[in-house]
1. Only one of (1) out of contact with any helix residue (DSSP H, G or I) (no Cβ under 6 Å at 6 or more places or on another chain); (2) open to solvent by 40 Å² or more (accessible area, probe 1.4 Å) fails for Leu71. Which number is that?
2. One residue is enough: does region 247-258 have a residue meeting the conditions open to solvent by less than 50 Å² (accessible area, probe 1.4 Å), modelled with pLDDT under 85 and under 30 Å from Ile281 (Cβ atoms)?
3. Which of the residues spanning region 33-89 are among the acidic types (Asp, Glu) and free of Cβ contacts under 8 Å to residues at least 40 places away in the same chain?
4. Pairs needed: first member in region 148-169, at pLDDT 75 or above; second member anywhere, among the polar types (S, T, N, Q); C-beta distance under 7 Å; at least 6 residues apart or different chains.
5. Return yes when Ala172 is part of a helix (DSSP H, G or I) and either touching an Asp or Glu at 6+ places or on another chain (Cβ under 9 Å) or modelled with pLDDT under 80 (or both) and no when it is not.
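The values are calculated or read from the model by the stated rules, or taken from the named source; none is laboratory data. Because the structure is a prediction, the values reported are computed rather than measured. Here the Cβ is made from the backbone with ideal geometry for all residues, glycine too, and neighbour counts use every protein chain on show. These area figures cover heavy atoms from the full protein model, side chains too; ligands, DNA and RNA do not enter into them. Shrake-Rupley method; radii C 1.70, N 1.55, O 1.52, S 1.80 Å.
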Amino acid sequence: MYILGQGIKNIWRNKLFSLASIATMAACIFLFGIIFSLVINFQAMIREAESGVTITVFFDEGITEDQITTLGETIAKRAEVSKINYVSADEALEQYVEEYMDGSEEAAANLAQDNPLADSANFEIYLNDISMQGVLADYIESLDGVRQVNQSVVAANVLSDFNNLVGYISFAIIAILIGVAIFLINNTVTLGIAVRSEEIGIMKLIGASDIFIRGPFMVEGMLIGLIGSVIPLFILYLLYTRIVTYIGNTFEFLADILDFLPAGQVFVVLVPVALILGVGIGFLGSVFTIRKHLNV
């Protein structure tokens, strides 16, 4: 309790520097929260787009239904496969009429008599990881009964590269923010040590333990980190819910393109991560400073 009390007093003694550190921490966590929200939404949208990318497998002429079933069971066992749909020749014709002939019943009736897509029965294969599309396609091409394998190479590469790019950029920005926050907390704790240098010297002379001297400064850094995390999280939650609602109501044409995650799904991850990050930065900033300026 003494260490906790002294840590709180340190913050009060250095009000200006403490406020500057809290403000910097809050700004860093706020920017981190914005980046996190954007990244997690972009990644969700990319995963949604990836879920629509399929490998289409066409069969050899004369293949039997039993052989098709066996082939499907073999492919479904692969770890890359998320889901596999069988599209019969009749279903392929229905899709063709619906897409290219506006669902004309007359056209469907005429084509049904002599189905031009009689050899177009296929598997539509959805993947767990789009980056493994090439590996799975090569495997399927080696199977007996497979005539042709169509894959979306360009779409897979674009989505995979974009996902990686978003990850690299967000990591770089977050690393810079963490560095700035640690620097400010370092300066705040350094000032606290300078102000209490005489008191610390007396405590050392009378045999105070290392943790007894270091503890208040560690508490000070962690409290700054905690306060600097809670404030922006509250603001971010209000902004996120209002912005998502505003975009959904004002730009209805974007509803099918920008499908934002609900606030609960974002903040159930963001809150603990931001709090741990804030307290952790405060702890590290104070520890590094203590080691540099205190010979205890």
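1. (2) is the only condition that Leu71 fails.
2. First, pick out the residues of region 247-258 that are open to solvent by less than 50 Å² (accessible area, probe 1.4 Å): 247-248, 254.
Right, trim to modelled with pLDDT under 85 and you get 247-248, 254.
Add one more test, that the residue is under 30 Å from Ile281 (Cβ atoms), and what stays is none.
Within region 247-258, none of the residues are open to solvent by less than 50 Å² (accessible area, probe 1.4 Å), modelled with pLDDT under 85 and under 30 Å from Ile281 (Cβ atoms).
3. To start, the set of residues in region 33-89 that are among the acidic types (Asp, Glu) comprises 48, 50, 60-61, 65-66, 73, 80.
Scanning region 33-89 gives Glu65, Asp66, Glu73.
4. Asn150/Thr56; Gln151/Gln133
5. Working: part of a helix (DSSP H, G or I): yes; either touching an Asp or Glu at 6+ places or on another chain (Cβ under 9 Å) or modelled with pLDDT under 80 (or both): no.
Spelling it out, it is not the case that Ala172 is part of a helix (DSSP H, G or I) and either touching an Asp or Glu at 6+ places or on another chain (Cβ under 9 Å) or modelled with pLDDT under 80 (or both).
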